[in-house]
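Enquirer: First the structure, then my questions, so here it is.
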Amino acid sequence: MLISHRKMIPSNFYLIFFNFLLIKSSFSSPSSSPSEEDLLDEYVNHVGRVNSVRKPTKNENKVIFNFGANRKLKSVVDSALIEEEQWTHSEFLDAERKVLLRWQPRHQEILFRIEAKTLGYVGIGFSPNGGMEQADIVIGWVDKYGKAVLLDCHGVPKSQGSAPVKDEHDNYTLMKGIENGTHTILEFRRALDTCDPDDYALSSDTVRAIWALHDKDPHADFEMIYHGEKRGSQSLHLFGPPPIVQNENPDFLRTWDVTLKDFTINDSMDTVYWCKIFKAPTLQLKHHIIGYEPVIGTNHTGFVHHMLLHECEVDLNQLQKRMEWDSFSKEKGRRCYTPEMPLEWEKCTTPIVAWAIGSKGENFPPHVGLPLDNAKTKYYMLEVHFDNPRMRRAQDTSGIALKYTGKLRNHDGGVMATGISISEFHIVPPRQKEYKSVGFCTADCTKEVFPRDGVNVVSVLLHSHLAGRKLKLRHLRGGKELIPLAEDDHYDFNYQQSRQLSHEIKILPGDSLITECSYKTSDRKSPTFGGYSTQEEMCLAFILYYPKTELAGCFSMPPIKYFFETLGVKEFYNTSWNELQEEILHAETVETSSVSPKKDRPLFTYQPGDEYSAEAHQRAVEAILKADPYLIETDPEQQQSPFGRLIIKEPFEFQNKSFLAHLQDIPYEEALITKKIEEYFHKGLHLTFCRKRDGSLAIKENVERFPNFTEYNLSKQSQCSYRSRVSRNNKNSAVGICVRDDMFLNLTRVFLASFVFWINTTF
């Protein structure tokens, strides 16, 4: 019996070894692309065109707020506020609906209206992380004389005090402000990018809007009482087309609640995936699903992480099959993707609705509907991911409310998923400020499945877990990258609202897609693996499009041998790597008993033609991960991980270490090593999956190299000449919420002006 041991290997050896191992081929860097109009520019231009042709309403100067007949308004100006219907977007920032933010993007600027239930001050800010530090903050109120006040401030580090500091340059323009017996209403505007380092540049990325209230105005010197607990934050997408309003005729509109029935979340459950089969409503004719919203009880709002509703491709010509699926639909459900789940449920592969935490649902455009047709699909599977890190107990009745109608729309829509296949072969190193992973959907896949005229993308939901920071769905055609279908450089795990495109984008046959995720793992000490838990990672995009095709998903992951060799392993015990690969690809029988595998016992069933198929690859993955230890003693913690059961034989330097221990010992703080690993998994080989709605593969899979292409140039040529941020280490921070920080600068200006005047008059 071999005894495992951990050798202390200096990091410079790893550096030399990985350089030798990884620098086996080169990848040419993409050249810069010609400048093209950004999606954000296109959208604000679109809004501008719409506003320019908008017909004036009857009461253009009407005040849209019910102040009561005997209420006297206090206003900063005589003219009325902007009419309510002119505001294209709105969102309550708090659960009690006391703070309503309305906004309207315009060309190079954005207009805001805040309606706050207070007669004191209200503060609104834009924060990179939901906190006050480094946030761009405006604070406003209407004083007792009817004068509205708005201050442009910014948050400072806690070491410099808790009070925001007034900006050197005021970049917010107060338009109007009024107050009644209950509310303070302020309207103001600002440039999208003010060129001020104290201000937050607003873009199509997720922004954390923070707010605070107090029931009194500030003192005459603008010092204010601390707002206390009357504060909060809400993530928003400021840019995008106005939300679609559902104006369906009530006579045609119906609702189907696809919800769980008192599912018990035990206090022993950390992460749970629960699946339940539902039978569609009995319909004589085809209907269209035109929107959906989550159904989440108030007692378990924090448990539900995401929900997917899948179509089940079932042949119901046999009475036995119909009876079997009817029986499934009457069950309370099973744990997803475990031996507990019936194999028949694997026919439920095509998502039609994808909801994630923070989303309020989605209404589809008036020309698109998801088909609800008993003649084609009669059963659906709801997949609910419960995240319970505090290990609490609850009864759950969550699900999705589908809105559908018999008044058919012009196009049948569909949903496809793309990104990185979920498995332990997706690895994110620890201690990284930024690390990129990608999933590759090939041109061969879209060429095989999409119609000649292509498909039109309506909306995109980007999805990763806690380490995700930047997500992008890239679009390639003919060796050139087009404008991304979706992008977010400030991804918020707790706000995964789908992004409706400002204009539909066509994906043609032969186009390819790249789902790109950037992770931050600075505070993690061990590698993060792909998986279903929120502590593990995903990199996915769900695309709503029309016309509907047979494509359910398009994914990629590293080929197995490439994966191990990239990380420095040439052979495991009990078999050489070549023999192991041969067993995986050319075995004809299978034994998956609990005993340890031997050389003459293949790991999984092989069928001719599977050499590079995704199906065979998945079976190989499962076989390796389920294999028992190779009669080698390992730490109990390592045996809990599948990679802890694989013991390295070659190279000699890593011999007798478990693969998990090897992964943990790689010196990821050596930037050259980590960059090479990132490059090889990013721009190296990808095993791709092109899966149809019935679970079969649309094309025979092949290992492909990441494509070379001309990148789309997203960088805008800023007109700004950024000023250096003034050091505030010695600035006073008074008890008041805003403190002037430009006194020294003003004194300096006075001194310089006086000096110049003296020079001119003297000489």
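The values are calculated or read from the model by the stated rules, or taken from the named source; none is laboratory data. As the structure is a computational prediction, the values presented were derived from the model and not from experiment. Cβ sites come from the backbone with ideal geometry, for glycine too, and all protein chains shown count toward neighbours. The accessibility values were calculated without ligands, DNA or RNA, using every heavy atom of the protein model including side chains. Shrake-Rupley method; radii C 1.70, N 1.55, O 1.52, S 1.80 Å.
Enquirer: In this model, which of Lys433/Lys525; Lys286/Lys360; Lys376/Lys407 are farther than 24 Å apart at the alpha-carbon? It would help to have the intermediate numbers written out before the result.
Expert: Values: Lys433/Lys525 13 Å; Lys286/Lys360 27 Å; Lys376/Lys407 18 Å.
In this structure, Lys286/Lys360 lie more than 24 Å apart at Cα.
Enquirer: At R0 = 45 Å, how high is the FRET efficiency between Lys279 and Leu508 if r is their beta carbon distance? Nearest 0.05 is fine. Don't skip to the end; give the middle numbers.
Expert: Numbers: r = 37 Å, r/R0 = 0.83.
Step by step, r from the Cβ atoms, then E = 0.75.
Enquirer: Next question. May I ask you to evaluate 6.51 cos²θ - 1.76 cosθ + 1.60, the Karplus curve with θ = phi - 60°, for each residue of segment 190-201 and list the ³J(HN,Hα) values in order in whole Hz, giving x for glycine and proline?
Expert: Result, rounded to whole Hz: 7, 6, 4, 10, 7, 6, 9, x, 8, 9, 8, 6.
Enquirer: Give a residue-ordered list of calculated ³J(HN,Hα) values for segment 480-496 (Karplus: 6.51 cos²θ - 1.76 cosθ + 1.60, θ = phi - 60°; whole Hz; x for Gly, Pro).
Expert: My calculation for segment 480-496 gives 10, 7, 8, 4, x, 5, 7, 7, 8, 8, 9, 4, 10, 4, 8, 9, 10 Hz in order.
Enquirer: Can I ask one more? Listed highest first by mean packing, meaning other Cβ atoms within 10 Å per residue, what order do 288-296, 505-513 come in? Walk me through the intermediate numbers first.
Expert: On the way: 288-296: 21.3, 505-513: 19.3.
Top to bottom by mean Cβ count within 10 Å: 288-296, 505-513.
Enquirer: Beta carbons within 10 angstrom, averaged per residue: use that to sort the peptides 357-364, 519-526, highest first.
Expert: On the way: 357-364: 18.5, 519-526: 15.0.
Packing proxy ranking, top to bottom: 357-364, 519-526.
Enquirer: Please report how far the C-alpha centroid of segment 460-483 lies from that of segment 409-446, rounded to the nearest whole angstrom.
Expert: 8
Enquirer: Rolling a 1.4 angstrom probe over the protein chains, ignoring ligands and nucleic acids, what is the accessible area of Lys675 in square angstrom, nearest 10?
Expert: Surface open to solvent at Lys675 totals about 120 Å².
Enquirer: Filter the GluC sites (Glu not before Pro) in segment 270-354 down to the DSSP loop ones having no more than 13 other Cβ atoms within 10 Å, then list what survives. Can you show the working numbers first?
Expert: Working: sites: Glu311, Glu313, Glu324, Glu331, Glu340, Glu344, Glu346; in loops: Glu313, Glu331, Glu340.
When the GluC sites (Glu not before Pro) of segment 270-354 are filtered for loop state and at most 13 Cβ neighbours within 10 Å, Glu331, Glu340 remain.
Enquirer: Any chance you could list P(r) for segment 467-542, counting all Cα-Cα pairs in 5 angstrom bins from zero, rounded to whole %?
Expert: 3, 13, 22, 22, 16, 12, 9, 3, 1
Enquirer: Tell me which GluC sites (Glu not before Pro) from segment 640-680 have a DSSP coil assignment and no more than 13 other beta carbons within 10 Å of their own.
Expert: Taking segment 640-680 and a limit of 13 other Cβ atoms within 10 Å, the loop GluC sites (Glu not before Pro) found are Glu669.
Enquirer: Would you mind counting up the charge near Val138? Only other residues with Cβ under 9 Å from its Cβ, with Lys and Arg at +1 and Asp and Glu at -1. Kindly include the intermediate steps, with their values, before the conclusion.
Expert: Numbers: positive: Arg190; negative: Asp136, Asp152.
Net charge around Val138: -1.
Enquirer: Further question on the same structure: To the nearest 10 Å², what's Thr88's accessible area with a 1.4 Å probe?
Expert: 40
Enquirer: I'd like the Karplus ³J(HN,Hα) series for segment 560-574: coefficients 6.51, -1.76, 1.60, θ = phi - 60°, whole numbers in Hz, and an x wherever there's a Gly or Pro.
Expert: 4, 4, 4, 4, 5, 5, 4, 8, x, 9, 9, 7, 9, 5, 6
Enquirer: What full-extension length gain, to one decimal in nm, is calculated for Asp315 and Lys700 as 0.36 nm per residue of separation minus the Cα-Cα distance? Can you show the working numbers first?
Expert: Numbers: separation 385, 0.36 × 385 = 138.60 nm, distance 2.39 nm.
Contour length minus the Cα-Cα distance gives 136.2 nm.
Enquirer: Check Gly684: other-chain or 5+ apart residues with amide H under 5 Å from its amide H, H built from backbone geometry?
Expert: Amide H to amide H, under 5 Å and 5 or more residues apart or across chains, Gly684 pairs with Phe706.
Enquirer: Ignoring ligands, DNA and RNA, how do Arg97, Arg452 rank by accessible area with a 1.4 Å probe, largest first? Walk me through the numbers on the way to the answer.
Expert: Values: Arg97 155, Arg452 220 Å².
Heavy-atom accessible area, descending, gives Arg452, Arg97.
Enquirer: Label Lys216 and Arg335 with points 7 Å out from Cα along Cα→Cβ: what is the distance between them in nm?
Expert: In this crude label model, Lys216 to Arg335 measures out at 5.7 nm.
Enquirer: Picking from Phe493, Ile514, Pro527, whose Cα lies most toward the positive end of the charge dipole for segment 489-529 (charges on Cβ: Lys, Arg +1; Asp, Glu -1)?
Expert: Pro527
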